[in-house]
Structures are given as structure tokens and as C-alpha cells.
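J.: Provided herewith is a single structure, encoded as C-alpha cells, for subsequent inquiry.
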């Protein structure tokens, strides 16, 4: 039986080893989808920053927005190319003086609903391929894809200077960023996933 388009590996230079191209956008997460109340929701930044930050949903929604086109690569082996996202860049928050890391800040812990965490080096969250995403494909995020806010990390074709990591390194239902001096494994890393998650090296498990 001939494999379907989604089952055949694509050797284009944009598909990492072990991945297959998907036209769908699978929904994968652990636990229930949390409720969202725009009147009580807040986004916090704390830890190794010059000044802690707390924003309401209304305040966050008024921040300057960035549009980003990314290739997504999930550890479950599907890849989706040319996805279009909108949201807030950490670079923008830094330029506005809202998020200024101290010299001791080397890692960022994403804190999401229900205590879920995801960890990344600080240079990744300030890179061009990381976004605090609020919209996908021109529409607000749906609840199953992390509304109202998710950390998002993907690949930008042709950008060999960026760290490309699996999609789990961006947390759905994001509520805050903690800047820290020492790395702390996130939820999936504590469950046995690789801490670095390099897609080209197939760093799926530790």
C-alpha cells in the first residue's frame, strides 16, 4: 500500500531527521484545557530581571505585535511548514524597557497553567524564532492550541544561526516567565525528554 503524503519523509532540507510533513495541526497536551477569564488573567515576569512585571490581559493585548512565519517540529515526529503567527517578541519587551534581564540571567522558565513549566536558554527566548503568541493564521488562538497566550518556538528556513528545538519547548496557556541563573528542567524534561531538544540531532529523549 502506497504511504500517504503525511507518512512519507520529505528530504527537502527543511524537514529534520525522523520527521514527516503534516498538513494538519495536531493538538497534543497533557491534562485539561484551562479556563480563561480576561478580567482576572495576568502575565508575570520575575526573577533575574531589573524590575518585575505584571500585565493584565488588556495591557498585554495593547503591546506592539510581531508577525512570524515558522516551521514547527513536534517530538512526536510531525512537522508543519510555513505557519504564520502573531504575538509579542521578547526583544520588543526589552526595547520598551519592560523586561531587562540582569547579568546573572542565563535561562528562562516558562510558567503555564496547572504548574506546567518549560525551560530554555535566554539566548533562545530572545532570538527571532521565539514568540509570545496570541494569534495563529490570522485568528486568535483557540483554547486547544494554548489561548490566550503560548510560548512558541520554531524554525526559520535559512537561519542557521538560530537554535531549532522541538515544539514542546514552548508552553501553552502561558502565564509568566521566570529568569534564572541556573537551568531547571521543565515538565517534559523531568519525564525523560532531552533538555536541549535540538531537532537536527534528534534529541528527543535524554
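J.: In this structure, is residue 91 within 21 Å of residue 69 (Cβ to Cβ) and crowded, with 17+ Cβ neighbours inside 10 Å?
T.: no
J.: Please indicate, with yes or no, whether at least one residue in segment 54-65 is surrounded by 14 or more Cβ atoms within 10 Å (Cβ to Cβ), in a strand (DSSP E or B) and touching a helix residue (DSSP H, G or I) at 6+ places or on another chain (Cβ under 8 Å).
T.: Looking through segment 54-65, none of the residues is surrounded by 14 or more Cβ atoms within 10 Å (Cβ to Cβ), in a strand (DSSP E or B) and touching a helix residue (DSSP H, G or I) at 6+ places or on another chain (Cβ under 8 Å).
J.: Quick check on my filter: what residues within segment 67-97 are on the phi < 0 side of the Ramachandran plot and not in a strand (DSSP E or B)?
T.: The answer is 74, 75, 76, 89, 90, 91, 92, 93, 94, 95, 96.
J.: Can you go through 171, 206, 147 and tell me which one is over 15 Å from residue 70 (Cα atoms) and either at pLDDT below 95 or over 14 Å from the mean Cα position of the chain (by Cα) (or both)?
T.: Just one listed residue meets the conditions, 206.
J.: When the residues of segment 31-53 are narrowed to those that are closer than 28 Å to residue 105 by Cβ and in a loop (DSSP other than H, G, I, E, B), which ends up modelled with the lowest pLDDT?
T.: By that ranking, first place goes to 34.
J.: Continuing with the same structure: Among the candidates 119, 163, single out the residue that is in contact with a strand residue (DSSP E or B) (Cβ under 8 Å, 6 or more places away or on another chain), within 30 Å of residue 35 (Cα to Cα) and surrounded by 14 or more Cβ atoms within 10 Å (Cβ to Cβ).
T.: On inspection, the qualifying residue turns out to be 119.
J.: Just a yes or no: is a residue in segment 98-114 in a helix (DSSP H, G or I), buried (at least 19 other Cβ atoms within 10 Å of the Cβ) and either out of contact with any helix residue (DSSP H, G or I) (no Cβ under 8 Å at 6 or more places or on another chain) or modelled with pLDDT under 95 (or both)?
T.: No: zero hits.
J.: Can I ask one more? What number of residues within segment 101-128 are under 14 Å from the mean Cα position of the chain (by Cα) and free of Cβ contacts under 8 Å to residues at least 24 places away in the same chain?
T.: Final tally of qualifying residues: 0.
J.: Separate question: Looking at segment 125-149, which of its residues are buried (at least 17 other Cβ atoms within 10 Å of the Cβ) and closer than 11 Å to residue 172 by Cβ?
T.: 133, 141, 145, 146, 147, 148, 149
J.: I need the full set of residues from segment 147-165 which are touching a residue at least 60 places away in the same chain (Cβ under 8 Å), within 17 Å of residue 80 (Cα to Cα) and part of a loop (DSSP other than H, G, I, E, B), in order please.
T.: Scanning segment 147-165 gives 154, 156, 157, 164.
J.: A further question follows. From (1) under 16 Å from the mean Cα position of the chain (by Cα); (2) assigned to a loop (DSSP other than H, G, I, E, B), pick out the condition that doesn't hold for residue 183.
T.: (1)
J.: Of the residues in segment 7-29, how many are modelled with pLDDT of 75 or more and more than 20 Å from residue 203 (Cβ to Cβ)?
T.: Qualifying residue count, segment 7-29: 8.
J.: Which count do you get for residues in segment 38-52 that are within 17 Å of residue 97 (Cα to Cα), surrounded by fewer than 17 Cβ atoms within 10 Å (Cβ to Cβ) and touching a residue at least 12 places away in the same chain (Cβ under 8 Å)?
T.: The number of residues fulfilling the criteria is 4.
The values are calculated or read from the model by the stated rules, or taken from the named source; none is laboratory data. Predicted model, so just to flag it, every value in this text is computed and none were measured. We place every Cβ from the backbone using ideal geometry, glycine too, and count neighbours over all the protein chains shown.
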